[in-house]
Amino acid sequence: MKPSRLLLQLLLLWLLLGLLAAAATVFEWPLAYEVKLIFWCWFALLALLALLDGYALRRPRLEATRSLEPHLALGVRQRVGIKVTNHEPHRLQLWLTDFPPAHLHLEGLPIKLEIDPGAFAEVRYSITPQRRGLAEFEQVCCRVTSAWGLWEKNFYFGEAGRSKIYPNYKPLFRSSFVGSDQLYTDLG
């Protein structure tokens, strides 16, 4: 679990209030007590909200499935689809990403999604295999934002997948068909 950008901004505001409280104490401002009180009240409120929000962040009921071709062509850009279904009774905000092996060039992820209760989202991204062999995909990663937006946590869903990468034979097949047509014409 990690703090969200919103929580970091609220902490920065609290630190600025701390600087203001320190300056009020050093320069003996007439309202120094009130500034320090605001500083400590802000800290208590922020700590309480962060603890409650972090405690409430649990593993969401999501279902993720990846559609992947069992055979990939070397150097050819191909599409991979991911379908994420929300089984929670409330809307979920999340960042979706996938983990293909390092020898696949990935385009189109991560992506931010908001999924209503009972709804699903379908995402497509591109991969380009850079070398032959076996491509093993890990589970799909969803970084879910807490209800109040103060925390983010990674959860992993779905099945790991694999696909074999072969050389691109399509140009070879295409040229062989063109050659056979010409051969049949020449033979009569």
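Summary table below
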| item | result |
| --- | --- |
| The chain: DSSP helices with Cα axial extent of at least 18 Å and average Kyte-Doolittle hydropathy no lower than 0.0 | 5-26, 32-56 |
| Cut-off of 10 Å, at most 16 other beta carbons, DSSP loop: longest stretch of the chain lacking such trypsin sites (Lys or Arg not before Pro) | 1-57 |
| Stretchable slack from Glu28 to Asp116, in nm (0.36 nm times residue separation minus alpha-carbon distance) | 26.4 nm |
| Given charges at Cβ of Lys, Arg, Asp, Glu: segment 1-94 dipole, positive-most of Thr25, Leu57, Phe39 | Leu57 |
| Accessible area per residue in Å² at 1.4 Å probe, computed on segment 1-118 | 65 Å² |
| Options Met1, Leu68, Pro117, ranked by Cα towards positive dipole end of the chain, top entry (Cβ charges) | Leu68 |
| Solvent-accessible area of Asp116 with every protein chain in place, 1.4 Å probe, in Å² to the nearest 10 | 70 Å² |
| Unit charges at the beta carbon, dipole of the chain: most positive-side option, Leu92, Ala135, Trp148 | Ala135 |
| Quotient of Cα Rg and 2.2 N^0.38 Å for segment 1-52, N being how many residues it contains | 1.27 |
| Protein accessible area in the chain, 1.4 Å probe - carbon and sulfur % | 62 percent |
| Only Lys, Arg (+1) and Asp, Glu (-1) charged, at Cβ; the chain dipole about Cα centre in debye | 380 debye |
| Gyration tensor (alpha-carbon) shape descriptor, segment 27-97, a/c threshold 1.5 | prolate |
| Value of relative contact order over the chain, rounded to a whole percent, pairs C-alpha under 8 Å and six or more apart | 24 percent |
| Residue-averaged [θ]222 nm for the chain, counting only DSSP H segments that reach four residues, each worth -39500 (n - 2.57) | -12000 deg cm²/dmol |
| Correct choice for volume of the Cα convex hull per residue in Å³ that was computed from the model, options (i) 161; (ii) 132; (iii) 195 | (i) |
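The values are calculated or read from the model by the stated rules, or taken from the named source; none is laboratory data. Worth saying up front: this structure is predicted, and the values here are computed from it rather than measured. Quick reminder, even Gly has a Cβ in these numbers, built from the backbone with ideal geometry, and neighbours come from all protein chains shown. In case anyone asks, the SASA skips ligands and DNA or RNA and just uses the protein heavy atoms, side chains included. Shrake-Rupley method; radii C 1.70, N 1.55, O 1.52, S 1.80 Å.
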